[in-house]
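Heads up, the thing below is written out as structure tokens.
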Amino acid sequence: MIVKMARVVAIGPKEDLMAFLALIRQRGILHIDDRPPDKVNGEDIKSRLKTLHLDRKVLSRRIFFEELRDKINQLFSLLPPTTSRRPFLNPENIAESLAETVDQHLRQCRLWRDRLEELRRQIVALRHFNEFLTAIAGIIPEGMENSSLDHIGVEIRDQKAMEELERLGVKVTGGRFELATAMTDDHQLVGVITTEKEFIEKIRAALKGQQIHDYALPADLQGLTFPEQRAAARRLLPLYNSEQEALTDKLTVFSKRWRGIYLLVLDWLDEQLALISATASLFETEMCFVISGWLPLAELTILNRVIETEFAGRVIVHEKEIHEQDLAHVPTMLRNRGYFEPFELLTRMLPIPGYGSFDMTPFIGLFFPIFFGMMLGDMGYGLLLLVAALILTKGVRNKTLQDVGKIFGVAAVYTIIFGWLFGECFGILGNRIFGLKPLLLDRHTSIMPMFSFALAIGFIHILVGMILGTIISFRYQKKQEALFKLTSIVIMLGLALLGGSSFSPALSPLQKPLLLTLLFAIPVVLLSGGLLAPLELLRHVGNIVSYARIMAIGLTSVLLAQVANSMVGIMGSVWLGILAGIMLHGFNIILGIFAPTIHALRLHYVEFFSKIVGDDGREYKPLAKAGDHTGSADSKPL
């Protein structure tokens, strides 16, 4: 349902402004309006109001708060995630000293973090190079370190790369080189090009042009022979690892010691900046501040009591009457409890409705499970879906998944009910084993009755939507639109009864009155809806026909279940047939969950909601405390 709102105007002395903002932010109930009030208690005050301007002191504090907040966030980006207890300190008293300390902490943590990144790069390079050195240890020419020869290590991807290396060696050195290969422990083919030192840089340049990776020596290993490089790599790797662990421990200890303090101040800074930002929508006279806003009507009495206690009559909150022209500005707050609460998950996929409109949650809660149950309509499938829904509802802590479980739990109950009415349990298996008989319709054979049943449900659903749309038009004083919608309802009802009179003798006496009603209604529709009115009526008919998908999807599920049950006779082997039947039933259940869900939602979002089109609402955004800095938002109820 849409919560009933009250429009209020708060007036008080300027010196109490920040304290009042802090109070309403703590309460988290007032949505501040950026429109100035025109009258308070019958007195015209709009002419005396002007936008509230912050003095230099407040602006200076704002800059200080923003800079400190940015530095704290930068510091947090350098620290590892840790848990720490928040101290029992007044954040306002320590903010000034932290502003000086945070620069020192930032410099130190950046040094630690930069050194950590450098160590990680060196460790990766050393490990990679050590694997290379180990692989080529047996193919390095002896005594090379005492000769005029030098080497280049390369990775060889495939035979084509090998041929390219040999071609480059011949081209650059004139054949005065040797290529030896070996395999690393992770099965990477590597090679060593041995040639005279004068050709080394030329070969490196040629390799870069061909995008062939060569093993560049880490800085700590340059100038060493092969044996010395291998020994140095083995010696440096544990040193680097040890230094990395020490730096990580330093950052962790620092985070545990200081994170709680900085979080405390960061929350306080967010509150102060939110209060200062809120003043952009406030107004003032020479002596007073004026705040116009909206809050749930049920909270008004409580707020007045709290304000009286805190300010002893210095701040007064007046309730103003909501006029028709105000409806477009009233923020919309949705609140559903009990059965309908989980279905808000489906409603919030749409734009929030206007305050003078309707909350669609109850209508989805009523019709969605019915449509779902009609389409799946099998007791066996419904029981399995109910078990899965109970697991989601009871076995997980995620609120969204719990709501999904509750929605499908209700849909499963309707699936079982319609399965009983259709006499289906895993298709016709229920008839063979339990003797189930269809009480309403046999979907295997009664295609046209099922089609008519689906259209009848669709007509009722569309008619409800048209009635709601008419009510909204009247609320928003759109008289011509309301007349068109009301006359369209009359025409649709008349056509439905006229069509029914062709099949039911009891309705035959109504044919002439219905025809006369239609003759009078059609000109009214043309006058109120314009030349496109007939197309709109045809669209209503097309929307109703769209509900035939209920019959079509249900028939598909029935036929797949029937094929699954016939697998035992088709496959030749009983056990193989049972396995194939179970697999096909499983596929049918999965399809039977997704297809009815998608199409039931489409019937609501496209066919039903299009009849209730109104102005999009304004989301209710009260001035409230921000969520904590661990990723969870403050969802304090009103």
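Looking at ALA274, ALA280, ALA298, which one is of a type in the set (Gly, Ala, Ser) and either within 28 Å of LEU126 (Cβ to Cβ) or modelled with pLDDT of 85 or more (or both)?
The conditions single out ALA298.
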ASP359 versus (1) in a helix (DSSP H, G or I); (2) touching a residue at least 24 places away in the same chain (Cβ under 8 Å); (3) among the charged types (D, E, K, R): which is the lone unmet condition? (1)
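Whether any residue in the stretch 320-327 is at pLDDT below 90 and in contact with a strand residue (DSSP E or B) (Cβ under 6 Å, 6 or more places away or on another chain) is what I want to check. Steps first, please.
So in the stretch 320-327, the residues at pLDDT below 90 come out as 320-327.
Subset that is in contact with a strand residue (DSSP E or B) (Cβ under 6 Å, 6 or more places away or on another chain): 320, 322.
Scanning the stretch 320-327, I find at least one residue that is at pLDDT below 90 and in contact with a strand residue (DSSP E or B) (Cβ under 6 Å, 6 or more places away or on another chain), so the answer is yes.
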If we ask which residues in the stretch 461-520 are in contact with a His (Cβ under 7 Å, 6 or more places away or on another chain) and among the acidic types (Asp, Glu), their number turns out to be 0
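Determine if the stretch 233-242 includes at least one residue that is modelled with pLDDT under 75 and closer than 30 Å to TRP112 by Cα.
Taking the stretch 233-242 first, the residues modelled with pLDDT under 75 are none.
No, every residue in the stretch 233-242 fails to be modelled with pLDDT under 75 and closer than 30 Å to TRP112 by Cα.
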In the stretch 542-591, how many are within 21 Å of ILE407 (Cα to Cα), at pLDDT below 85 and touching a Phe, Trp or Tyr at 6+ places or on another chain (Cβ under 7 Å)? 0
Inside the stretch 403-434, can you point out the residues that are over 14 Å from PHE372 (Cβ atoms) and either among the β-branched types (Val, Ile, Thr) or assigned to a loop (DSSP other than H, G, I, E, B) (or both)? GLY423, GLU424, CYS425, PHE426, GLY427, ILE428, ILE433
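Would you point out which residue out of THR332, THR347, THR361 is modelled with pLDDT of 90 or more and hydroxyl-bearing (Ser, Thr, Tyr)?
Details: THR332 fails: modelled with pLDDT of 90 or more; THR347 fails: modelled with pLDDT of 90 or more.
Residue meeting the stated conditions: THR361.
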Look through LEU327, LEU300, LEU282, LEU346 and report the one residue that is aliphatic (A, V, I, L, M) and within 27 Å of the chain's Cα centre (by Cα). LEU346
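Taking LEU510 as the residue in question, decide whether it is farther than 30 Å from PRO596 by Cα, without any contact (Cβ under 8 Å) to a residue 60 or more places away in the chain and either under 46 Å from the mean Cα position of the chain (by Cα) or assigned by TED's automatic domain parsing to the domain that holds GLY382 (or both).
Answer is yes for this residue.
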Selected residue [among the basic types (Lys, Arg), more than 15 Å from LEU23 (Cα to Cα) and out of contact with any helix residue (DSSP H, G or I) (no Cβ under 7 Å at 6 or more places or on another chain)] from ARG230, ARG235: ARG235
Pick from the stretch 13-37, criterion exposed (fewer than 14 other Cβ atoms within 10 Å of the Cβ) and not in a helix (DSSP H, G or I), ranking: modelled with the highest pLDDT: PRO13
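The rows are residues; the columns are (1) under 30 Å from ARG539 (Cα atoms); (2) touching an Asp or Glu at 6+ places or on another chain (Cβ under 9 Å); (3) hydrophobic (A, V, I, L, M, F, W, C); (4) at pLDDT 90 or above.
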{"residue": "GLY373", "(1), (2), (3), (4)": "yes, no, no, yes"}
{"residue": "LEU383", "(1), (2), (3), (4)": "no, no, yes, yes"}
{"residue": "GLN402", "(1), (2), (3), (4)": "no, no, no, yes"}
{"residue": "GLY409", "(1), (2), (3), (4)": "no, no, no, yes"}
{"residue": "PHE426", "(1), (2), (3), (4)": "no, yes, yes, no"}
{"residue": "ILE457", "(1), (2), (3), (4)": "yes, no, yes, yes"}
{"residue": "ILE471", "(1), (2), (3), (4)": "yes, no, yes, no"}
Within the stretch 362-402, track down each residue that is assigned to a loop (DSSP other than H, G, I, E, B) and in contact (Cβ under 8 Å) with a residue 60 or more places away in the chain. GLY377, ASP378
Checking GLY356, GLY395, GLY338 in turn, the sole residue that is crowded, with 21+ Cβ neighbours inside 10 Å and of a type outside the set (A, V, I, L, M, F, W, C) turns out to be GLY356
For ILE460, only one of the following conditions fails: (1) in a helix (DSSP H, G or I); (2) more than 18 Å from SER610 (Cβ to Cβ). What is its number? (2)
Would you mind stating whether GLY554 is of a type in the set (Gly, Ala, Ser) and more than 32 Å from the chain's Cα centre (by Cα)? no
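Between VAL490, VAL524, which is at pLDDT 85 or above, more than 39 Å from the chain's Cα centre (by Cα) and more than 21 Å from ILE460 (Cα to Cα)?
Numbers: VAL490 fails: more than 21 Å from ILE460 (Cα to Cα).
Being at pLDDT 85 or above, more than 39 Å from the chain's Cα centre (by Cα) and more than 21 Å from ILE460 (Cα to Cα) holds for just one of VAL490, VAL524, which is VAL524.
How many residues, within the stretch 463-477, are farther than 17 Å from ILE491 by Cβ and in a helix (DSSP H, G or I)?
Residues of the stretch 463-477 that are farther than 17 Å from ILE491 by Cβ, as a first pass: 468, 471-472, 474-477.
Add one more test, that the residue is in a helix (DSSP H, G or I), and what stays is 468, 471-472, 474-475.
Matching residues across the stretch 463-477 total 5.
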Neighbours by Cβ (under 8 Å, 6+ apart or cross-chain): first from the stretch 3-20, aromatic (Phe, Trp, Tyr); second assigned to a strand (DSSP E or B) and surrounded by 16 or more Cβ atoms within 10 Å (Cβ to Cβ): PHE20/ALA10; PHE20/GLY12; PHE20/PHE289; PHE20/ILE291
Closer than 18 Å to LYS485 by Cα and in contact with a Ser or Thr (Cβ under 9 Å, 6 or more places away or on another chain): does that describe VAL541? no
Out of all the residues in the stretch 622-632, is one or more at pLDDT below 75 and either outside any loop (DSSP other than H, G, I, E, B) or touching a Phe, Trp or Tyr at 6+ places or on another chain (Cβ under 7 Å) (or both)? no
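The values are calculated or read from the model by the stated rules, or taken from the named source; none is laboratory data. Computed from a predicted model, the values in this text were never measured in an experiment. Note that we place each Cβ from the backbone using ideal geometry, even for glycine, and neighbour counts take in every protein chain shown.
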